[in-house]
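Engineer: First the structure, then my questions, so here it is.
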Amino acid sequence: MSPAGTLWRAAAALAAPALPLWLARRAARGREFPARLAERRGIAGLARPEGRLLWLHAASVGETQSVLPLIARLHEARPGLAVLLTTATVTAARLIADRLGERAADPERSGALPGRPWLMHQFAPLDVPAWLARFLDHWRPDAAGFVESELWPNALAALAARRVPAALVNARLSARSFARWRLAPGLARRLLEGFALVLPQSHADADRLVRLGATVAPPGNLKLATPPLPVDPAEHARLAALFGTDPVWVAASTHPGEEALVLAAHRRASETVPDLRLILAPRHPERGEEVAAEARAAGFAAPRRSAGQDPSGPVWIADTLGELGLFYRLGLGAFVGGSLVARGGQNPLEPARLGLPVAFGPHMGNFAEIAAMLRAAGAASEVDGPEALAAWILRLVREPAWRGTAGQAAAAAAAAHAMVLDRMAEGLLRLLPAGEHTEG
């Protein structure tokens, strides 16, 4: 282990006695499920199934959304394979049950998914050597996959010591993260050389990973291959009837500081189109009341979805989890947030896949290649503030021919990358040993 890795291991071990208190404080703030805190210390909440088991770790909501279709493809290819999915956030845990339609699941108390006994969820143990050992001793994975940018030194060292092959799936390394890892080149090289398979998202990610010591496969973004977001048809029909013939646009995954710009654009566009309606979906649904208060301060009534309030005016706050597929399908087009403020952007493919014209701001560093692809296809527009966003909204309403062409281009651009899912599934399955059984 490199000196930096040794230092990290020692620091994690020294911090371990204080971490339960830290976890308890997070639970008090709603950031952890109290009934499942033990999982963060490597204490399993479920029994390990027999047979081969693949461990996949997806830190939060975005990574979890992208990996769920991959898990489905893995199950199609090898039905006898058990999959353990770990996450680090409660929102991701809730999303799994919601997105898979697991009505009987109770993520606050258990990681079991009754309709899919081959798939289990656990909260990832913190990167403490003793806690990881307990986790791995129980689950005994035959292979592991870490999604996007999860590089945990102790976890990877523990897997290597057990000779468990690991993959970095949909690997992403931003310029900022690359600069930080350059400060510990020995640790970075040791970690990346430990992966049996590195599947980068983009050519830029591949280049940065190679410069840190990785051997990479051809790039391909898992987010480009995910299926359309789900929708409840009955609820869609009900809400569509409430909106009637009023033109509706969607501002999704917005961040603090961005809602004010969106509301200003909506006000400006509404001066020309008085019956214009906005569905405003903050990136973090728990900010719903904060966003509603900001809308009220701007002069808009702001009913909230999470409070059971239907759309009844110019602005509706869509502050629920797992319903973006519903909200997008109610709009003529979608602005994707995290992009008018310096947050790196959110995934513009989600509305594109549904055939919607897309807009985003200039800060799309996390999705730069996707954004460029959509712009080149004529499917997306970059806006730099409320005035430009208002002009885009008016074009949505006034130019149905352009709207249809841009929407068709968006869907076609997203569909062209479906093979990425198969390639990633095949790579992970090759890491598993032959046969259907694992050593006890």
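The values are calculated or read from the model by the stated rules, or taken from the named source; none is laboratory data. The structure displayed is predicted, hence computed values, not measured ones. We place every Cβ from the backbone using ideal geometry, glycine too, and count neighbours over all the protein chains shown. Remember, those area values only see protein heavy atoms, side chains included, never the ligands or the DNA or RNA. Shrake-Rupley method; radii C 1.70, N 1.55, O 1.52, S 1.80 Å.
Engineer: Can you tell which of Arg116, Arg109, Arg134, Arg99 is part of a helix (DSSP H, G or I), over 24 Å from Arg163 (Cα atoms) and of a type in the set (D, E, K, R)?
Structural biologist: Arg99
Engineer: Those residues that are closer than 21 Å to Leu68 by Cβ and not aliphatic (A, V, I, L, M), I need them from region 188-201; list them, please.
Structural biologist: Pro200, Gln201 - these are the residues of region 188-201 that are closer than 21 Å to Leu68 by Cβ and not aliphatic (A, V, I, L, M).
Engineer: Sort out which residues of region 216-242 are open to solvent by 10 Å² or more (accessible area, probe 1.4 Å) and either in a helix (DSSP H, G or I) or of a type in the set (Phe, Trp, Tyr) (or both), and write them in order of number.
Structural biologist: Lys223, Leu224, Pro233, Ala234, Glu235, His236, Ala237, Arg238, Ala240, Ala241, Leu242
Engineer: Restricting attention to region 202-229, which residues are in contact with a Lys or Arg (Cβ under 7 Å, 6 or more places away or on another chain) and at pLDDT 90 or above?
Structural biologist: Listed by number, the residues that qualify are Asp205, Leu212, Gly213.
Engineer: Still on this structure, please answer the following. Scan region 56-81 for residues that are more than 22 Å from Asp98 (Cβ to Cβ) and within 23 Å of the chain's Cα centre (by Cα) and jot them down.
Structural biologist: none
Engineer: Among (1) outside any loop (DSSP other than H, G, I, E, B); (2) acidic (Asp, Glu); (3) open to solvent by 20 Å² or more (accessible area, probe 1.4 Å); (4) touching a residue at least 24 places away in the same chain (Cβ under 8 Å), there is one condition Asp205 misses while meeting the rest; what is its number?
Structural biologist: Unmet for Asp205, out of (1) outside any loop (DSSP other than H, G, I, E, B); (2) acidic (Asp, Glu); (3) open to solvent by 20 Å² or more (accessible area, probe 1.4 Å); (4) touching a residue at least 24 places away in the same chain (Cβ under 8 Å): (3).
Engineer: Could you say which residue among Gly378, Gly338 is touching a Gly at 6+ places or on another chain (Cβ under 8 Å), at pLDDT 95 or above and on the phi > 0 side of the Ramachandran plot?
Structural biologist: Within the list Gly378, Gly338, the selection yields Gly338.
Engineer: State all residues of region 247-272 that are farther than 15 Å from Leu340 by Cα and open to solvent by 50 Å² or more (accessible area, probe 1.4 Å); if no residue qualifies, say none.
Structural biologist: Arg267, Arg268, Glu271, Thr272
Engineer: Just to check your reading of the model, which residue among Ala47, Ala38, Ala105, Ala93 is free of Cβ contacts under 8 Å to residues at least 40 places away in the same chain, crowded, with 22+ Cβ neighbours inside 10 Å and more than 27 Å from Arg430 (Cβ to Cβ)?
Structural biologist: Answer to the check: Ala105.
Engineer: While we're looking at this one, here's another question. Being over 21 Å from Leu19 (Cα atoms) and surrounded by fewer than 22 Cβ atoms within 10 Å (Cβ to Cβ) is the requirement here; does Arg140 meet it?
Structural biologist: Here the answer is yes, as Arg140 does meet what is asked.
Engineer: With Arg277, Arg268, Arg287, Arg296 as the choices, which residue is without any contact (Cβ under 8 Å) to a residue 24 or more places away in the chain and basic (Lys, Arg)?
Structural biologist: When all the criteria are applied, what remains is Arg296.
Engineer: Does Ala368 satisfy being part of a helix (DSSP H, G or I) and at pLDDT below 95?
Structural biologist: yes
Engineer: Could you pull out the residue among Ala252, Ala206, Ala196, Ala188 that is more than 25 Å from Glu426 (Cβ to Cβ) and touching a strand residue (DSSP E or B) at 6+ places or on another chain (Cβ under 8 Å)?
Structural biologist: Ala252
Engineer: A further question on this structure: Pick from region 351-362 the residues that are part of a loop (DSSP other than H, G, I, E, B) and among the aliphatic types (A, V, I, L, M): which of them is farthest from the chain's Cα centre (by Cα)?
Structural biologist: Across region 351-362, the extreme among qualifying residues is Leu356.
Engineer: Further question on the same structure: Do we have Leu239 as within 16 Å of Leu330 (Cα to Cα) and either in contact (Cβ under 8 Å) with a residue 40 or more places away in the chain or of a type in the set (Val, Ile, Thr) (or both) here?
Structural biologist: yes
Engineer: If you go through region 369-385 one residue at a time, do you hit one that is under 30 Å from Ala260 (Cα atoms), in contact with an Asp or Glu (Cβ under 8 Å, 6 or more places away or on another chain) and open to solvent by 30 Å² or more (accessible area, probe 1.4 Å)?
Structural biologist: Checked against the condition, which is being under 30 Å from Ala260 (Cα atoms), in contact with an Asp or Glu (Cβ under 8 Å, 6 or more places away or on another chain) and open to solvent by 30 Å² or more (accessible area, probe 1.4 Å), region 369-385 yields at least one hit.
Engineer: Kindly provide the set of residues from region 369-383 that are of a type outside the set (S, T, N, Q) and touching a residue at least 24 places away in the same chain (Cβ under 8 Å), ordered by number.
Structural biologist: Within region 369-383, Glu369, Ile370, Ala371, Met373, Leu374, Ala377, Gly378, Ala379, Ala380, Val383 qualify.
Engineer: Shifting gears a bit: Does Arg73 count as assigned to a helix (DSSP H, G or I), open to solvent by 60 Å² or more (accessible area, probe 1.4 Å) and closer than 21 Å to Leu95 by Cα?
Structural biologist: Criteria met by Arg73.
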